[in-house]
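**Q** Could you have a look at this structure, given as structure tokens, before my questions?
The values are calculated or read from the model by the stated rules, or taken from the named source; none is laboratory data. None of the values given here were measured: they were computed from a predicted structure. Here Cβ is always computed from backbone atoms with ideal geometry, including for glycine, and neighbour counts include all displayed protein chains. Heavy atoms of the whole protein, side chains included, go into the accessibility calculation; ligands, DNA and RNA do not. Shrake-Rupley method; radii C 1.70, N 1.55, O 1.52, S 1.80 Å.
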Amino acid sequence: MSVQFSILSSLRLSLQVALLATVFVALIGGLIGYLLARHNIQERREKKKRRFGFPPSNFLLFVFEALITLPLTLPPTVVGFYLLVLFGRNGFVGRPLYAITGWSLVFTWQGAVVAAAVMALPLMVKTTRAALESVDPIYLQAAQTLGQSEWQVFWRVWLPLAWKGIFAGIVLSFARALGEFGATLMIAGNIPGATQTMPMAIYEAATAGNERLALILVVILSLISLMVVSLTNYLEQRHAQ
């Protein structure tokens, strides 16, 4: 396999995996972040009516939020093992999926998408929630007073005021998905031309002693990450203004 083919193949697959994972994360993570932000704002209103703010009104929601955030604290290989337990050929989801379709998520590029999405999801949830909660509730209350429905308030008031922070979360999630390694290695493996993303290619080149290829891949991935992080910082500064 030529150096040029290895670089282009891993770059193409990395971008493909990161983009698809980001689409999933933006939709699911954005929705979860919205629901958590709405619940938190409602809790604040209720606390003003109550003398005490403890215990929380919905303990299960707090547990759910903790589970969503867990990939930020767990080693990626642990998250990858959980994905194997779920989606492996003998997993809770993987076994019936294989029995019905004859297809398994393990050792496929689709598995890499799932791993990248799971690892990036907490960033999107937290960023979306923070962006929405940064909007002054008085604007939301004013819109409701004018007879706007909940979805009208979201689309006409809440989202226009928080979109920069939410978009920064999408960009940051893309960067996280692009650099995912541990969980991807566990569920998708490292198959050149099939599941070998750029982090995988860098690891293989370094362990094989091919420092030239590893350096080229590292520089390319670093430049992409630098551009993504710079865009995120710019959007966060604009959002804070």
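**Q** Using Cα atoms only, what is the angle between the long axis of helix 109-133 and the major principal axis of the chain, expressed in degrees (0 to 90) to the nearest 10?
**A** Here the helix axis deviates by roughly 30 degrees.
**Q** Also: Which one is right for this structure if Cα extents along the principal axes in Å is calculated from it: (i) 46, 39, 38; (ii) 56, 34, 31; (iii) 66, 44, 30?
**A** Read-out from the structure maps to (iii).
**Q** Specify the longest stretch of the chain that does not include any exposed loop site, a site being one of the trypsin sites (Lys or Arg not before Pro) with a non-H, G, I, E, B DSSP assignment and at most 16 other Cβ atoms within 10 Å.
**A** 90-241
**Q** Tell me the mean residue ellipticity at 222 nm calculated for the chain from its helices only (DSSP H runs of n ≥ 4, each -39500 (n - 2.57), averaged over every residue, nearest 500).
**A** Result for the chain: -25500 deg cm²/dmol, rounded to the nearest 500.
**Q** Indicate the gyration tensor shape class of region 100-241 (rounded, prolate or oblate), computed on the Cα atoms with a ≥ b ≥ c the square roots of the eigenvalues: a/c under 1.5 is rounded; otherwise a/b larger than b/c is prolate and the rest oblate.
**A** oblate
**Q** Could you sort SER10, SER225 by their accessible area in this structure, using a 1.4 Å probe and putting the largest first? Write out the running numbers ahead of the final one.
**A** Details: SER10 0, SER225 40 Å².
In descending accessible area the options line up as SER225, SER10.
**Q** Solvent-accessible area of VAL78, probe 1.4 Å, all protein chains present, reported in Å² to the nearest ten, please.
**A** 50
**Q** In degrees between 0 and 90, to the nearest 10, how far off the longest principal axis of the chain does helix 76-87 point, with axes built from Cα atoms?
**A** Relative to the chain, helix 76-87 is tipped by roughly 90 degrees.
**Q** Using only Cα atoms, tell me the angle between helix 3-49 and the longest principal axis of the chain; keep it within 0 to 90° and round to the nearest 10.
**A** Relative to the chain, helix 3-49 is tipped by roughly 20 degrees.
**Q** Which net charge results when you count Lys and Arg as +1 and Asp and Glu as -1 among the other residues whose beta-carbon is under 10 Å from that of ALA205?
**A** My count for the surroundings of ALA205 gives -1.
**Q** Need one word for region 32-175: rounded, prolate or oblate. Basis is the Cα gyration tensor (sqrt eigenvalues a ≥ b ≥ c); a/c below 1.5 gives rounded, then a/b vs b/c decides.
**A** Details: a/c = 2.49, a/b = 1.97, b/c = 1.26.
Since a/c reaches 1.5 and a/b is larger than b/c, the shape of region 32-175 is classed as prolate.
**Q** Could you size up the charge dipole of the chain around its Cα centre, putting +1 on the beta carbon of Lys and Arg and -1 on that of Asp and Glu, and report it in debye to the nearest 20?
**A** On the way: 18 positive and 10 negative charges, 152 e Å.
So the magnitude is around 740 debye.
**Q** Net charge around PRO76, counting only other residues with Cβ within less than 11 Å of its Cβ (Lys, Arg = +1; Asp, Glu = -1)?
**A** 0
**Q** Please list, by residue number, every one of the chymotrypsin sites (Phe, Trp or Tyr not before Pro) in region 137-241 that is coil in DSSP and has at most 10 other beta-carbon atoms within 10 Å.
**A** Details: sites: TYR139, TRP151, PHE154, TRP155, TRP158, TRP163, PHE167, PHE174, PHE181, TYR203, TYR234; in loops: PHE181.
Loop-located and lightly packed - none at all.
**Q** If you don't mind, there's one more thing I want to ask. Give the shape of region 166-237 as rounded, prolate or oblate, defined through the alpha-carbon gyration tensor: a ≥ b ≥ c are the square roots of its eigenvalues, a/c under 1.5 means rounded, and otherwise the shape is prolate if a/b is larger than b/c and oblate if not.
**A** Since a/c reaches 1.5 but b/c is at least a/b, the shape of region 166-237 is classed as oblate.
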